[in-house]
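The values are calculated or read from the model by the stated rules, or taken from the named source; none is laboratory data. Source: prediction; values computed, not measured. Ideal geometry is used to build each Cβ from the backbone, glycine not excepted, and the neighbour counts take in all protein chains shown. Calculation scope for accessible area: heavy atoms of the full protein, side chains included, ligands and nucleic acids excluded. Shrake-Rupley method; radii C 1.70, N 1.55, O 1.52, S 1.80 Å.
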Amino acid sequence: MGCISSPWYSLKINGELTGFFQGRSGLRQGDPLSPYLFVLGMEILSRYLRKICDQTQVSYHPKCSNIKLTHLIFADDLMIFIRGDAPSVSAISDTLQKFALLSGLHANTEKTSIYFGGVFEPVKELILSSTGFSEGAFPFRYLGLPLHTSKLTSDMFDTVIIKIQQAMAHWSNYFLSYAGKLQVINSIVFCLENFWCSTVLLPKTVIAHINKLCKDFFWGIPLGSRRMVFKSWHQISSPWSFGGFNIKDLEAWNYSLMSKWICSISAYDQGLWSRWVQKYILKHEDIWHISSKFHYPSSFKSILATRDRLVELSGSISSAQHLIQGWYSGSKLTLHQVYGFFRNAPAAGSWTKGLLHSRIIPGHRIVCSMAVQNQLATIDNLKLRGMQFVNICSLCECEEKSQGHLFFRCSFSASVWHQVLAWMGHMRFGLSLEDELTFPLKGARDWQIAWFDVSLTTSVHQIWTERNTRIFQGHSCSVIGIVRKIKFFVIVRMLMWKHHSQYRLLEESLCN
(Lines give C-alpha, C1' and ligand atoms only; values in the text may rest on other atoms or scores of the structure.)
Protein backbone atom coordinates (compact mmCIF):
# COMPACT_ATOMS: atom_id res chain seq x y z
CA MET A 1 0.00 0.00 0.00
CA GLY A 2 3.01 2.25 0.41
CA CYS A 3 3.49 2.12 -3.37
CA ILE A 4 -0.04 3.44 -3.78
CA SER A 5 -0.43 5.97 -0.98
CA SER A 6 3.02 7.61 -0.88
CA PRO A 7 3.23 9.22 -4.40
CA TRP A 8 1.99 12.73 -5.14
CA TYR A 9 0.36 13.59 -8.47
CA SER A 10 -0.01 16.81 -10.48
CA LEU A 11 -2.35 17.70 -13.34
CA LYS A 12 -1.15 19.41 -16.51
CA ILE A 13 -3.70 22.02 -17.63
CA ASN A 14 -3.02 23.99 -20.84
CA GLY A 15 0.56 22.77 -20.81
CA GLU A 16 1.32 23.79 -17.21
CA LEU A 17 1.47 21.69 -14.03
CA THR A 18 -1.22 22.80 -11.60
CA GLY A 19 -1.12 21.80 -7.91
CA PHE A 20 -0.49 18.44 -6.28
CA PHE A 21 -2.55 15.78 -4.56
CA GLN A 22 -1.68 12.58 -2.76
CA GLY A 23 -2.72 9.18 -4.09
CA ARG A 24 -4.92 7.81 -1.30
CA SER A 25 -7.87 6.21 -3.10
CA GLY A 26 -6.15 3.17 -4.62
CA LEU A 27 -5.55 2.53 -8.31
CA ARG A 28 -7.79 3.19 -11.27
CA GLN A 29 -8.04 0.73 -14.14
CA GLY A 30 -5.15 1.23 -16.55
CA ASP A 31 -2.74 2.66 -13.97
CA PRO A 32 0.79 1.71 -15.15
CA LEU A 33 1.66 0.69 -11.59
CA SER A 34 -0.97 -2.09 -11.58
CA PRO A 35 1.02 -4.78 -13.47
CA TYR A 36 3.98 -4.44 -11.12
CA LEU A 37 1.83 -4.73 -8.00
CA PHE A 38 0.05 -7.71 -9.54
CA VAL A 39 3.34 -9.49 -10.25
CA LEU A 40 4.48 -8.90 -6.67
CA GLY A 41 1.23 -10.33 -5.34
CA MET A 42 1.24 -13.38 -7.62
CA GLU A 43 4.86 -14.12 -6.73
CA ILE A 44 3.70 -14.74 -3.16
CA LEU A 45 1.05 -17.20 -4.39
CA SER A 46 3.60 -18.95 -6.61
CA ARG A 47 5.99 -19.39 -3.67
CA TYR A 48 3.21 -20.76 -1.49
CA LEU A 49 2.31 -23.37 -4.10
CA ARG A 50 5.92 -24.41 -4.67
CA LYS A 51 6.53 -24.63 -0.92
CA ILE A 52 3.65 -27.00 -0.16
CA CYS A 53 4.68 -29.24 -3.07
CA ASP A 54 8.33 -29.31 -1.94
CA GLN A 55 7.19 -30.24 1.57
CA THR A 56 5.22 -33.20 0.08
CA GLN A 57 1.90 -31.84 1.39
CA VAL A 58 0.69 -31.94 -2.22
CA SER A 59 1.35 -34.60 -4.84
CA TYR A 60 2.26 -33.38 -8.30
CA HIS A 61 -0.02 -34.09 -11.23
CA PRO A 62 1.24 -37.23 -13.05
CA LYS A 63 1.95 -35.16 -16.20
CA CYS A 64 3.76 -32.42 -14.28
CA SER A 65 5.97 -34.12 -11.71
CA ASN A 66 9.13 -34.43 -13.85
CA ILE A 67 9.33 -30.68 -14.40
CA LYS A 68 7.72 -29.77 -11.04
CA LEU A 69 4.91 -27.80 -12.62
CA THR A 70 2.27 -26.65 -10.13
CA HIS A 71 0.38 -23.86 -11.84
CA LEU A 72 0.00 -21.48 -14.79
CA ILE A 73 -1.21 -17.95 -14.30
CA PHE A 74 -2.17 -15.12 -16.63
CA ALA A 75 -3.75 -12.05 -15.01
CA ASP A 76 -6.77 -13.38 -13.06
CA ASP A 77 -6.84 -16.74 -14.92
CA LEU A 78 -5.20 -19.37 -12.70
CA MET A 79 -4.77 -23.10 -13.41
CA ILE A 80 -3.42 -25.40 -10.68
CA PHE A 81 -2.24 -28.94 -11.50
CA ILE A 82 -2.20 -31.58 -8.73
CA ARG A 83 -2.93 -35.25 -8.21
CA GLY A 84 -6.64 -35.88 -7.75
CA ASP A 85 -6.62 -36.95 -4.10
CA ALA A 86 -8.31 -35.37 -1.08
CA PRO A 87 -5.15 -34.43 0.91
CA SER A 88 -3.62 -32.58 -2.05
CA VAL A 89 -6.81 -30.68 -2.79
CA SER A 90 -7.25 -29.81 0.89
CA ALA A 91 -3.70 -28.39 1.09
CA ILE A 92 -4.27 -26.31 -2.05
CA SER A 93 -7.58 -25.02 -0.70
CA ASP A 94 -5.93 -23.97 2.58
CA THR A 95 -3.17 -22.20 0.65
CA LEU A 96 -5.69 -20.23 -1.43
CA GLN A 97 -7.51 -19.14 1.72
CA LYS A 98 -4.22 -18.08 3.32
CA PHE A 99 -3.35 -16.04 0.26
CA ALA A 100 -6.85 -14.48 0.26
CA LEU A 101 -6.38 -13.26 3.86
CA LEU A 102 -3.15 -11.52 2.86
CA SER A 103 -4.17 -10.07 -0.50
CA GLY A 104 -7.95 -9.82 -0.44
CA LEU A 105 -8.08 -11.88 -3.65
CA HIS A 106 -10.65 -14.63 -3.09
CA ALA A 107 -11.42 -17.48 -5.48
CA ASN A 108 -14.82 -16.92 -7.12
CA THR A 109 -16.71 -20.17 -6.54
CA GLU A 110 -19.09 -19.42 -9.42
CA LYS A 111 -16.23 -19.08 -11.90
CA THR A 112 -13.95 -21.78 -10.52
CA SER A 113 -14.15 -25.38 -11.67
CA ILE A 114 -12.27 -28.60 -10.99
CA TYR A 115 -11.44 -30.87 -13.94
CA PHE A 116 -10.90 -34.52 -13.15
CA GLY A 117 -9.17 -37.29 -15.06
CA GLY A 118 -9.13 -40.89 -13.84
CA VAL A 119 -10.55 -40.06 -10.38
CA PHE A 120 -13.08 -42.37 -8.72
CA GLU A 121 -16.58 -41.00 -8.01
CA PRO A 122 -16.37 -41.17 -4.17
CA VAL A 123 -13.14 -39.14 -4.27
CA LYS A 124 -14.71 -36.65 -6.67
CA GLU A 125 -17.69 -36.10 -4.38
CA LEU A 126 -15.45 -35.62 -1.35
CA ILE A 127 -13.29 -33.05 -3.15
CA LEU A 128 -16.25 -31.10 -4.56
CA SER A 129 -18.07 -30.97 -1.25
CA SER A 130 -14.96 -29.82 0.65
CA THR A 131 -14.07 -27.03 -1.78
CA GLY A 132 -17.51 -25.82 -2.86
CA PHE A 133 -16.33 -25.67 -6.48
CA SER A 134 -18.22 -27.21 -9.40
CA GLU A 135 -16.98 -29.93 -11.72
CA GLY A 136 -15.86 -28.79 -15.15
CA ALA A 137 -16.09 -30.74 -18.39
CA PHE A 138 -13.67 -31.09 -21.29
CA PRO A 139 -13.08 -29.41 -23.64
CA PHE A 140 -13.06 -25.94 -22.11
CA ARG A 141 -11.55 -22.61 -23.08
CA TYR A 142 -8.56 -20.98 -21.40
CA LEU A 143 -7.64 -17.49 -22.60
CA GLY A 144 -10.03 -18.04 -25.51
CA LEU A 145 -8.42 -21.28 -26.66
CA PRO A 146 -10.19 -24.66 -26.60
CA LEU A 147 -8.18 -27.03 -24.40
CA HIS A 148 -8.05 -30.81 -24.41
CA THR A 149 -9.45 -31.19 -27.90
CA SER A 150 -7.79 -33.22 -30.63
CA LYS A 151 -9.76 -31.78 -33.56
CA LEU A 152 -10.40 -28.20 -34.60
CA THR A 153 -13.68 -27.25 -36.24
CA SER A 154 -14.76 -24.02 -37.92
CA ASP A 155 -17.37 -23.25 -35.25
CA MET A 156 -14.57 -22.86 -32.66
CA PHE A 157 -13.55 -19.68 -34.47
CA ASP A 158 -17.01 -18.13 -34.69
CA THR A 159 -16.19 -15.65 -31.92
CA VAL A 160 -13.13 -14.38 -33.78
CA ILE A 161 -15.03 -14.01 -37.05
CA ILE A 162 -17.87 -12.18 -35.30
CA LYS A 163 -15.36 -9.72 -33.77
CA ILE A 164 -13.85 -9.09 -37.20
CA GLN A 165 -17.30 -8.52 -38.70
CA GLN A 166 -18.15 -6.07 -35.93
CA ALA A 167 -14.88 -4.17 -36.46
CA MET A 168 -15.51 -4.02 -40.23
CA ALA A 169 -19.09 -2.81 -39.70
CA HIS A 170 -17.91 -0.08 -37.33
CA TRP A 171 -15.21 1.30 -39.63
CA SER A 172 -17.43 1.00 -42.70
CA ASN A 173 -19.43 3.94 -41.28
CA TYR A 174 -16.40 6.18 -41.81
CA PHE A 175 -15.06 7.43 -45.11
CA LEU A 176 -11.63 5.83 -45.33
CA SER A 177 -9.06 5.94 -48.11
CA TYR A 178 -7.35 2.77 -49.28
CA ALA A 179 -4.48 3.60 -46.90
CA GLY A 180 -6.91 4.01 -44.01
CA LYS A 181 -8.55 0.68 -44.78
CA LEU A 182 -5.18 -1.05 -44.90
CA GLN A 183 -4.40 0.43 -41.49
CA VAL A 184 -7.68 -0.91 -40.09
CA ILE A 185 -7.04 -4.38 -41.51
CA ASN A 186 -3.46 -4.52 -40.22
CA SER A 187 -4.13 -3.06 -36.79
CA ILE A 188 -7.45 -4.71 -35.92
CA VAL A 189 -8.10 -7.83 -37.95
CA PHE A 190 -4.67 -9.41 -37.89
CA CYS A 191 -4.05 -8.38 -34.28
CA LEU A 192 -7.06 -10.54 -33.43
CA GLU A 193 -5.61 -13.34 -35.52
CA ASN A 194 -2.06 -13.21 -34.17
CA PHE A 195 -3.15 -14.90 -30.96
CA TRP A 196 -4.75 -17.78 -32.86
CA CYS A 197 -2.08 -17.98 -35.56
CA SER A 198 0.64 -18.56 -32.98
CA THR A 199 -1.31 -21.39 -31.31
CA VAL A 200 -2.95 -23.58 -33.97
CA LEU A 201 -3.16 -23.86 -37.74
CA LEU A 202 -6.39 -22.22 -38.76
CA PRO A 203 -8.71 -24.34 -40.93
CA LYS A 204 -8.64 -23.29 -44.59
CA THR A 205 -12.36 -22.45 -44.46
CA VAL A 206 -11.71 -19.97 -41.66
CA ILE A 207 -8.80 -18.37 -43.54
CA ALA A 208 -10.96 -18.07 -46.68
CA HIS A 209 -13.77 -16.46 -44.66
CA ILE A 210 -11.46 -13.90 -43.05
CA ASN A 211 -9.82 -13.07 -46.39
CA LYS A 212 -13.25 -12.46 -47.92
CA LEU A 213 -14.21 -10.12 -45.06
CA CYS A 214 -10.97 -8.19 -45.55
CA LYS A 215 -11.37 -8.04 -49.34
CA ASP A 216 -14.96 -6.80 -49.16
CA PHE A 217 -14.00 -4.17 -46.58
CA PHE A 218 -11.05 -2.94 -48.63
CA TRP A 219 -13.08 -2.54 -51.84
CA GLY A 220 -16.17 -1.29 -50.00
CA ILE A 221 -18.40 -4.19 -51.07
CA PRO A 222 -21.59 -4.45 -48.98
CA LEU A 223 -22.45 -7.79 -47.39
CA GLY A 224 -23.88 -10.17 -49.95
CA SER A 225 -23.09 -7.89 -52.91
CA ARG A 226 -20.57 -8.00 -55.73
CA ARG A 227 -18.44 -5.25 -57.22
CA MET A 228 -15.81 -4.95 -59.93
CA VAL A 229 -12.25 -5.06 -58.56
CA PHE A 230 -8.96 -4.67 -60.41
CA LYS A 231 -6.54 -6.32 -57.98
CA SER A 232 -6.89 -9.78 -56.44
CA TRP A 233 -6.59 -10.29 -52.70
CA HIS A 234 -3.53 -12.49 -53.29
CA GLN A 235 -1.81 -9.51 -54.93
CA ILE A 236 -2.96 -7.09 -52.23
CA SER A 237 -1.58 -9.31 -49.47
CA SER A 238 1.90 -9.30 -51.03
CA PRO A 239 4.72 -7.07 -49.69
CA TRP A 240 5.37 -3.68 -51.31
CA SER A 241 8.45 -5.11 -53.01
CA PHE A 242 6.23 -7.73 -54.68
CA GLY A 243 3.70 -5.22 -56.01
CA GLY A 244 1.24 -5.65 -53.15
CA PHE A 245 0.06 -3.49 -50.25
CA ASN A 246 2.00 -5.22 -47.48
CA ILE A 247 -0.91 -7.02 -45.80
CA LYS A 248 0.04 -10.28 -44.16
CA ASP A 249 -0.84 -13.42 -46.10
CA LEU A 250 -2.82 -15.12 -43.34
CA GLU A 251 -1.92 -18.70 -44.25
CA ALA A 252 1.81 -17.97 -44.60
CA TRP A 253 1.78 -15.90 -41.41
CA ASN A 254 0.04 -18.78 -39.60
CA TYR A 255 2.78 -21.21 -40.69
CA SER A 256 5.46 -18.69 -39.72
CA LEU A 257 4.20 -18.23 -36.17
CA MET A 258 3.73 -21.96 -35.69
CA SER A 259 7.31 -22.53 -36.87
CA LYS A 260 8.54 -20.76 -33.75
CA TRP A 261 7.49 -23.79 -31.70
CA ILE A 262 9.44 -26.14 -33.98
CA CYS A 263 12.48 -23.91 -33.63
CA SER A 264 12.04 -23.86 -29.86
CA ILE A 265 11.92 -27.66 -29.62
CA SER A 266 14.75 -28.16 -32.14
CA ALA A 267 17.00 -25.79 -30.23
CA TYR A 268 16.29 -27.68 -26.97
CA ASP A 269 14.93 -24.56 -25.37
CA GLN A 270 14.84 -24.82 -21.56
CA GLY A 271 11.56 -22.95 -21.28
CA LEU A 272 8.65 -24.47 -19.38
CA TRP A 273 6.61 -25.44 -22.45
CA SER A 274 9.59 -26.94 -24.31
CA ARG A 275 10.64 -29.00 -21.29
CA TRP A 276 7.08 -30.32 -20.88
CA VAL A 277 6.89 -31.37 -24.54
CA GLN A 278 10.27 -33.10 -24.33
CA LYS A 279 9.25 -35.05 -21.23
CA TYR A 280 5.66 -36.04 -21.95
CA ILE A 281 5.11 -35.98 -25.72
CA LEU A 282 8.42 -36.53 -27.49
CA LYS A 283 9.93 -38.69 -24.73
CA HIS A 284 12.78 -40.52 -26.53
CA GLU A 285 11.95 -39.21 -30.03
CA ASP A 286 12.69 -35.91 -31.78
CA ILE A 287 10.32 -33.45 -33.42
CA TRP A 288 11.47 -34.37 -36.94
CA HIS A 289 10.60 -38.08 -36.80
CA ILE A 290 7.66 -38.39 -34.43
CA SER A 291 4.34 -39.34 -36.04
CA SER A 292 1.06 -37.61 -35.29
CA LYS A 293 -1.29 -39.59 -33.06
CA PHE A 294 -5.04 -39.25 -32.63
CA HIS A 295 -4.90 -38.38 -28.93
CA TYR A 296 -2.44 -35.50 -29.38
CA PRO A 297 -3.90 -32.06 -28.62
CA SER A 298 -4.82 -29.92 -31.61
CA SER A 299 -2.01 -27.45 -30.90
CA PHE A 300 0.67 -30.15 -31.13
CA LYS A 301 -0.97 -31.63 -34.24
CA SER A 302 -0.70 -28.15 -35.77
CA ILE A 303 3.01 -28.08 -34.93
CA LEU A 304 3.53 -31.43 -36.66
CA ALA A 305 1.54 -30.25 -39.70
CA THR A 306 3.75 -27.15 -39.87
CA ARG A 307 6.82 -29.39 -39.65
CA ASP A 308 5.53 -31.47 -42.58
CA ARG A 309 4.91 -28.32 -44.62
CA LEU A 310 8.39 -27.04 -43.82
CA VAL A 311 10.01 -30.32 -44.89
CA GLU A 312 7.89 -30.41 -48.05
CA LEU A 313 8.92 -26.91 -49.14
CA SER A 314 12.60 -27.31 -48.22
CA GLY A 315 12.95 -30.79 -49.74
CA SER A 316 14.21 -32.85 -46.81
CA ILE A 317 14.54 -32.93 -43.04
CA SER A 318 18.22 -32.00 -43.19
CA SER A 319 17.43 -29.05 -45.47
CA ALA A 320 14.70 -27.90 -43.07
CA GLN A 321 17.08 -28.10 -40.12
CA HIS A 322 19.72 -26.14 -42.03
CA LEU A 323 17.06 -23.58 -42.99
CA ILE A 324 16.07 -23.06 -39.36
CA GLN A 325 19.67 -22.38 -38.40
CA GLY A 326 19.78 -19.63 -41.02
CA TRP A 327 16.69 -18.01 -39.53
CA TYR A 328 18.49 -17.20 -36.32
CA SER A 329 20.40 -14.00 -35.71
CA GLY A 330 22.43 -14.94 -32.66
CA SER A 331 19.88 -16.45 -30.32
CA LYS A 332 16.91 -14.59 -31.81
CA LEU A 333 14.61 -15.96 -34.51
CA THR A 334 14.12 -13.46 -37.38
CA LEU A 335 10.45 -13.94 -38.10
CA HIS A 336 10.42 -11.93 -41.34
CA GLN A 337 12.76 -14.51 -42.90
CA VAL A 338 10.41 -17.31 -41.85
CA TYR A 339 7.44 -15.44 -43.33
CA GLY A 340 9.35 -14.76 -46.55
CA PHE A 341 10.05 -18.49 -46.90
CA PHE A 342 6.41 -19.51 -46.56
CA ARG A 343 5.13 -16.51 -48.60
CA ASN A 344 7.45 -17.31 -51.52
CA ALA A 345 5.89 -14.70 -53.81
CA PRO A 346 7.52 -13.83 -57.16
CA ALA A 347 9.09 -10.40 -57.38
CA ALA A 348 7.01 -7.84 -59.24
CA GLY A 349 9.96 -6.11 -60.88
CA SER A 350 12.61 -3.49 -60.25
CA TRP A 351 9.99 -0.70 -60.32
CA THR A 352 8.96 -1.54 -56.74
CA LYS A 353 12.22 -0.04 -55.41
CA GLY A 354 10.84 3.41 -56.13
CA LEU A 355 7.89 2.78 -53.78
CA LEU A 356 9.75 1.52 -50.72
CA HIS A 357 10.97 4.76 -49.13
CA SER A 358 9.37 5.51 -45.75
CA ARG A 359 8.82 9.18 -46.67
CA ILE A 360 6.23 8.27 -49.33
CA ILE A 361 2.64 8.94 -48.25
CA PRO A 362 0.90 5.52 -47.94
CA GLY A 363 -2.12 6.51 -50.03
CA HIS A 364 0.12 7.85 -52.80
CA ARG A 365 2.13 4.62 -52.77
CA ILE A 366 -1.05 2.57 -53.25
CA VAL A 367 -2.30 4.61 -56.22
CA CYS A 368 1.14 4.56 -57.85
CA SER A 369 1.46 0.79 -57.38
CA MET A 370 -1.95 0.20 -58.97
CA ALA A 371 -1.18 2.63 -61.79
CA VAL A 372 2.06 0.94 -62.86
CA GLN A 373 0.31 -2.47 -62.81
CA ASN A 374 -2.64 -1.17 -64.87
CA GLN A 375 -5.10 -1.80 -62.02
CA LEU A 376 -6.84 1.57 -61.76
CA ALA A 377 -10.45 1.95 -62.88
CA THR A 378 -9.60 3.77 -66.09
CA ILE A 379 -11.86 3.66 -69.15
CA ASP A 380 -9.68 1.12 -70.99
CA ASN A 381 -9.92 -1.25 -67.99
CA LEU A 382 -13.69 -0.81 -67.79
CA LYS A 383 -14.06 -1.54 -71.51
CA LEU A 384 -12.10 -4.77 -71.10
CA ARG A 385 -14.79 -5.82 -68.61
CA GLY A 386 -17.64 -5.23 -71.01
CA MET A 387 -18.58 -1.64 -70.09
CA GLN A 388 -19.00 0.88 -72.91
CA PHE A 389 -17.61 4.41 -72.60
CA VAL A 390 -16.27 7.08 -74.90
CA ASN A 391 -12.52 6.62 -74.53
CA ILE A 392 -11.53 10.28 -74.26
CA CYS A 393 -8.98 11.51 -71.73
CA SER A 394 -10.59 14.05 -69.38
CA LEU A 395 -7.28 15.88 -68.96
CA CYS A 396 -6.11 16.50 -72.53
CA GLU A 397 -9.41 15.62 -74.29
CA CYS A 398 -7.61 13.26 -76.64
CA GLU A 399 -8.15 9.54 -77.15
CA GLU A 400 -7.03 7.51 -74.16
CA LYS A 401 -5.78 4.21 -75.54
CA SER A 402 -4.37 2.80 -72.32
CA GLN A 403 -3.64 3.59 -68.68
CA GLY A 404 -0.09 4.45 -69.74
CA HIS A 405 -1.56 7.48 -71.53
CA LEU A 406 -2.45 9.03 -68.18
CA PHE A 407 1.09 8.57 -66.80
CA PHE A 408 2.71 10.43 -68.62
CA ARG A 409 1.85 10.41 -72.33
CA CYS A 410 -1.07 12.78 -71.83
CA SER A 411 0.00 16.35 -72.63
CA PHE A 412 -1.54 17.65 -69.36
CA SER A 413 0.12 15.07 -67.07
CA ALA A 414 3.38 15.31 -69.04
CA SER A 415 3.43 19.06 -68.47
CA VAL A 416 2.79 18.57 -64.73
CA TRP A 417 5.60 16.04 -64.39
CA HIS A 418 7.99 18.13 -66.51
CA GLN A 419 7.57 21.11 -64.16
CA VAL A 420 8.05 18.91 -61.10
CA LEU A 421 11.23 17.50 -62.66
CA ALA A 422 12.51 21.02 -63.29
CA TRP A 423 11.75 21.93 -59.65
CA MET A 424 13.95 18.99 -58.55
CA GLY A 425 16.73 20.07 -60.93
CA HIS A 426 16.23 17.34 -63.56
CA MET A 427 16.43 19.05 -66.93
CA ARG A 428 14.93 16.30 -69.09
CA PHE A 429 11.63 15.15 -70.52
CA GLY A 430 9.47 12.74 -68.56
CA LEU A 431 9.33 9.00 -69.26
CA SER A 432 6.62 6.42 -68.68
CA LEU A 433 5.69 5.72 -65.06
CA GLU A 434 7.51 2.39 -64.91
CA ASP A 435 10.63 3.93 -66.45
CA GLU A 436 10.52 6.79 -63.97
CA LEU A 437 10.29 4.35 -61.05
CA THR A 438 13.45 2.62 -62.29
CA PHE A 439 15.28 5.76 -63.46
CA PRO A 440 18.91 5.65 -62.24
CA LEU A 441 19.80 8.66 -60.06
CA LYS A 442 23.56 8.44 -60.37
CA GLY A 443 25.52 10.11 -57.59
CA ALA A 444 22.36 11.16 -55.74
CA ARG A 445 22.28 11.25 -51.94
CA ASP A 446 19.65 9.47 -49.87
CA TRP A 447 17.57 12.60 -49.34
CA GLN A 448 17.66 13.38 -53.08
CA ILE A 449 16.43 9.87 -53.93
CA ALA A 450 13.68 10.26 -51.34
CA TRP A 451 12.75 13.67 -52.82
CA PHE A 452 12.41 12.12 -56.27
CA ASP A 453 10.36 9.12 -55.06
CA VAL A 454 8.02 11.27 -52.98
CA SER A 455 7.55 13.76 -55.82
CA LEU A 456 6.82 11.01 -58.35
CA THR A 457 4.22 9.19 -56.23
CA THR A 458 2.61 12.49 -55.20
CA SER A 459 2.40 13.57 -58.86
CA VAL A 460 0.71 10.31 -59.85
CA HIS A 461 -1.79 10.68 -56.99
CA GLN A 462 -2.60 14.31 -57.84
CA ILE A 463 -3.05 13.55 -61.54
CA TRP A 464 -5.37 10.64 -60.71
CA THR A 465 -7.32 12.84 -58.27
CA GLU A 466 -7.66 15.60 -60.88
CA ARG A 467 -8.88 13.10 -63.48
CA ASN A 468 -11.59 11.80 -61.11
CA THR A 469 -12.59 15.30 -60.02
CA ARG A 470 -13.18 16.33 -63.63
CA ILE A 471 -15.23 13.22 -64.42
CA PHE A 472 -17.38 12.99 -61.28
CA GLN A 473 -17.57 16.58 -59.99
CA GLY A 474 -17.08 18.68 -63.11
CA HIS A 475 -14.34 20.80 -61.52
CA SER A 476 -10.88 21.33 -62.97
CA CYS A 477 -7.52 22.72 -61.93
CA SER A 478 -4.72 24.12 -64.11
CA VAL A 479 -1.27 22.62 -64.51
CA ILE A 480 0.16 25.37 -62.30
CA GLY A 481 -2.40 24.60 -59.59
CA ILE A 482 -1.63 20.87 -59.68
CA VAL A 483 2.12 21.53 -59.48
CA ARG A 484 1.55 23.85 -56.52
CA LYS A 485 -0.35 21.10 -54.68
CA ILE A 486 2.39 18.58 -55.42
CA LYS A 487 5.08 20.90 -54.09
CA PHE A 488 3.09 21.51 -50.91
CA PHE A 489 2.67 17.78 -50.17
CA VAL A 490 6.32 17.06 -50.94
CA ILE A 491 7.67 19.93 -48.84
CA VAL A 492 5.55 18.98 -45.82
CA ARG A 493 6.52 15.33 -46.12
CA MET A 494 10.22 15.91 -46.67
CA LEU A 495 10.70 18.57 -44.00
CA MET A 496 9.54 16.00 -41.43
CA TRP A 497 12.91 14.33 -42.10
CA LYS A 498 14.64 16.50 -39.51
CA HIS A 499 16.91 13.82 -38.15
CA HIS A 500 18.87 13.66 -41.43
CA SER A 501 22.34 15.21 -41.41
CA GLN A 502 21.56 17.00 -44.69
CA TYR A 503 18.39 18.61 -43.33
CA ARG A 504 19.47 22.20 -43.95
CA LEU A 505 20.55 21.51 -47.51
CA LEU A 506 17.28 19.69 -48.08
CA GLU A 507 15.28 22.62 -46.68
CA GLU A 508 17.06 25.11 -48.95
CA SER A 509 16.54 22.90 -52.03
CA LEU A 510 12.83 22.40 -51.40
CA CYS A 511 12.10 26.04 -50.70
CA ASN A 512 13.85 27.41 -53.82
With charges set only on the Cβ (+1 for Lys and Arg, -1 for Asp and Glu), what does the dipole of the range 350-470 come to about its Cα centre, in debye to the nearest 20?
180
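List the longest stretch of the chain that has no exposed loop site; here a site is one of the GluC sites (Glu not before Pro) assigned by DSSP to anything other than H, G, I, E or B, with at most 16 other Cβ within 10 Å.
On the way: sites that count: 110, 285, 397.
Here the longest segment lacking exposed loop sites spans 111-284.
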Considering only protein heavy atoms, what per residue accessible area in square angstrom results for the range 419-484 with a 1.4 angstrom probe?
49
Explain nothing, just the number: relative contact order of the range 399-457, from Cα pairs under 8 Å at least 6 residues apart, as a whole percent.
28
Accessible area per residue of the range 21-161 at 1.4 Å probe, in Å²?
65
Yeah, the range 63-150 with a ≥ b ≥ c from its alpha-carbon gyration tensor (a/c under 1.5 is rounded, else prolate when a/b outruns b/c, oblate otherwise) is rounded
Could you tell me the convex hull volume per residue, in Å³, taken over the Cα atoms of the range 413-456?
69
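Express the relative contact order of the chain as a whole percentage, based on alpha carbon pairs under 8 Å and six or more residues apart in sequence. Intermediate results must be reported in sequence, preceding the final value.
Numbers: 511 pairs, mean separation 45.6, N = 512.
Here the relative contact order equals 9 percent.
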Angle in degrees between helix 479-494 and the longest Cα principal axis of the chain, rounded to the nearest 10
30
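Hey, what D do you get for the chain in µm²/s if you plug the Kirkwood alpha-carbon radius into Stokes-Einstein at 20 °C and 1.002 mPa s?
Numbers: Rh = 28.4 Å.
After rounding, the answer is 75 µm²/s.
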Listed by chain and number, the residues whose amide H is under 5 Å from that of residue 393, excluding neighbours fewer than 5 places away on the same chain and using placed H, are 398, 399, 400
Among 217, 403, 72, which residue has its Cα furthest toward the positive end of the charge dipole of the chain, with +1 on Lys/Arg Cβ and -1 on Asp/Glu Cβ?
403
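Heavy atoms only, probe 1.4 Å: what % of the accessible area of the chain goes to carbon and sulfur, would you let me know?
Details: 16210 of 28890 Å².
Answer for the chain is 56 percent, counting heavy atoms of protein chains only.
Let me know the charge dipole size of the chain about its Cα centre in debye, to the nearest 20, where only the beta-carbon of Lys, Arg (+1) and Asp, Glu (-1) is charged.
On the way: 51 positive and 35 negative charges, 124 e Å.
Roughly 600 debye for the chain.
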Taking Cα atoms, the helix 362-372 axis meets the longest principal axis of the chain at an angle in degrees (rounded to 10) of 60
Value of [θ]222 nm, deg cm²/dmol, for the chain, DSSP H segments ≥ 4, -39500 (n - 2.57) each, nearest 500:
-15000 deg cm²/dmol
Heavy atoms of residue 225: accessible area, 1.4 Å probe, square angstrom to 10
50
Can you tell me the relative contact order of the range 95-186? Whole percent, Cα pairs under 8 Å, sequence separation 6 or more.
16
Reachable lysines, given that their alpha-carbon falls under 19 Å from the alpha-carbon of residue 332 and they are not under 8 places away in the same chain:
260
